[in-house]
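First the structure, in the form of structure tokens, and then the observations on it.
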Amino acid sequence: MKKRLGIYIHIPFCASKCGYCDFYSLAGCDHMMPEYQEALLAHLEESGHAIRGYEVDSIYFGGGTPSFYGADRIVELLDALKLNGNVRLDSEVTLEANPDSISLNALKLLRQEGVNRLSIGVQAADNDLLKLIGRRHNFQQAQKAFQDARRAGFENISMDLIYGLPSQTKGDWASTLAKIVEMHPEHISCYGLKLEPGTPMYAEYAGSAILPDDDEQADMYSYAAEMLERYGYKHYEVSNFCAPGYESRHNLKYWNLDDYMGFGPGSHSCVGNLRYSFVKDLKRYISGVSRKVSIIDEYEQVDTLERAVEYIMLGMRTSNGISEQDYRLRCQSDWKPILRVLRAFAEKGWAEQTGDRWHFTVPGFLISNTLINIMLEAQAGSRLENIPWLEEEPVPEKDLQLPKGETELFTELYEQKVNS
């Protein structure tokens, strides 16, 4: 039986850039779409021998704005994948879409040709907030896009939301969640606003009193987790909620350390013990593919110790968490220091054990970066004790230092939080 593989295809084109966006995407470059399409098709064909070594069970068109790229081009890329790889009939095929760049006819074509999951960038239900952050749509367009997707036959729809926006109140956030839940999507993503240097909103709002403070953002997160659980949505990852059975299969590949290949500028791949990424430059990517010269930006072999670190960092982002059996198998080191830390977290209400697996609670997710760092310190100490030649001097056992109280940590939350 062949191993499973996820495919990510990056579409870097946007009609315009949102004020908070730090992803590699370009506005005003529509004229390069045909040339980029040729490069992607050539790259997929060139990589066919590698893809055919797997069964592809998830395909994700991300961006940028894939819906702005055009349904015809997306279908052509999907057909190329079917031709060059072993794409399973039950594959999850996701397209990111913005409400202003998707039509009923396009949705019908996409669904007919195999796209079966839609991720709609809604962000907020307040039109003033949408305008403030540079979105091109209003909430009524988002509602129509959702209705059109249902009419086109989509039975797996995700709605992406952002909290902590400038001037956004807890009431605004509660109203957005209520309106989204009323639509009954299968999946909801809730991301806290993180202003990145170099973006327009960073220049305008960094340090501004108009932004909700860390305590308010923490309250918004906790409210979302409680409210969505009450309506039957499972909190299966730090920022993601779903109806039973509708976890994002593709995103779970990242968190479960499964194999995936990326195509397009800035995309990342991790196959076996190899990790690599392509240049974040559209012209260089196109030129490199056509001239058959290297477009690799970063390339490394992942050793066992790095995998052990990733197992904790990624596994503890999910409600599935980590287990002693998996840990011993992947990390080949002592579980006892990790167990001691997890038990201490449990006493604080930050972690809990379900069956043989440990995972964070909602308060734990709020300070997950701090807690994971403590786990990694315990893990590193364990490794050194088990591999004495890495240290000339024995490593003394340290007393476990728990984080500050919840209230103190909320003031540091979004500087420390894992980038979602």
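The values are calculated or read from the model by the stated rules, or taken from the named source; none is laboratory data. What you see is a predicted model, and the numbers here were worked out from it, not measured in a lab. Positions of Cβ are generated from backbone atoms using ideal geometry, with glycine treated the same way; all protein chains shown enter the neighbour counts.
Within the range 278-297, is even one residue closer than 18 Å to Gly64 by Cβ, β-branched (Val, Ile, Thr) and either touching a strand residue (DSSP E or B) at 6+ places or on another chain (Cβ under 9 Å) or assigned to a strand (DSSP E or B) (or both)?
Looking through the range 278-297, at least one residue is closer than 18 Å to Gly64 by Cβ, β-branched (Val, Ile, Thr) and either touching a strand residue (DSSP E or B) at 6+ places or on another chain (Cβ under 9 Å) or assigned to a strand (DSSP E or B) (or both).
Is there a residue in the range 237-248 that is more than 30 Å from Gly153 (Cα to Cα) and buried (at least 19 other Cβ atoms within 10 Å of the Cβ)?
no
Can you name the residue in the range 160-181 that is closer than 16 Å to Lys194 by Cα and of a type in the set (Gly, Ala, Ser) and is also farthest from the chain's Cα centre (by Cα) among such residues?
Filtering first and then ranking leaves Ser167.
Within the range 305-322, identify whether any single residue is surrounded by fewer than 16 Cβ atoms within 10 Å (Cβ to Cβ), in a loop (DSSP other than H, G, I, E, B) and not hydrophobic (A, V, I, L, M, F, W, C), and answer yes or no.
no
Could we say that Tyr285 is within 24 Å of Ile59 (Cα to Cα), outside the structural domain of Cys190 (by TED's automatic domain parsing), surrounded by fewer than 20 Cβ atoms within 10 Å (Cβ to Cβ) and not small (Gly, Ala, Ser) here? So that I can check it myself, show each step before the final result.
Numbers: within 24 Å of Ile59 (Cα to Cα): yes; outside the structural domain of Cys190 (by TED's automatic domain parsing): yes; surrounded by fewer than 20 Cβ atoms within 10 Å (Cβ to Cβ): no; not small (Gly, Ala, Ser): yes.
No; evaluated as a whole, the condition is false for this residue.
Could you check the range 17-75 for helices (runs of 4 or more DSSP H) lying wholly inside it with 2 or more residues that are of a type outside the set (Ser, Thr, Tyr), modelled with pLDDT of 95 or more and under 24 Å from the mean Cα position of the chain (by Cα)?
33-46, 66-69
Assigned to a helix (DSSP H, G or I), within 30 Å of Ile7 (Cβ to Cβ) and within 18 Å of the chain's Cα centre (by Cα): does that describe Leu257?
In short, no.
Quickly run through the range 344-378 and pick out the residues that are among the polar types (S, T, N, Q) and assigned to a helix (DSSP H, G or I).
Listed by number, the residues that qualify are Ser368, Asn369, Thr370, Asn373.
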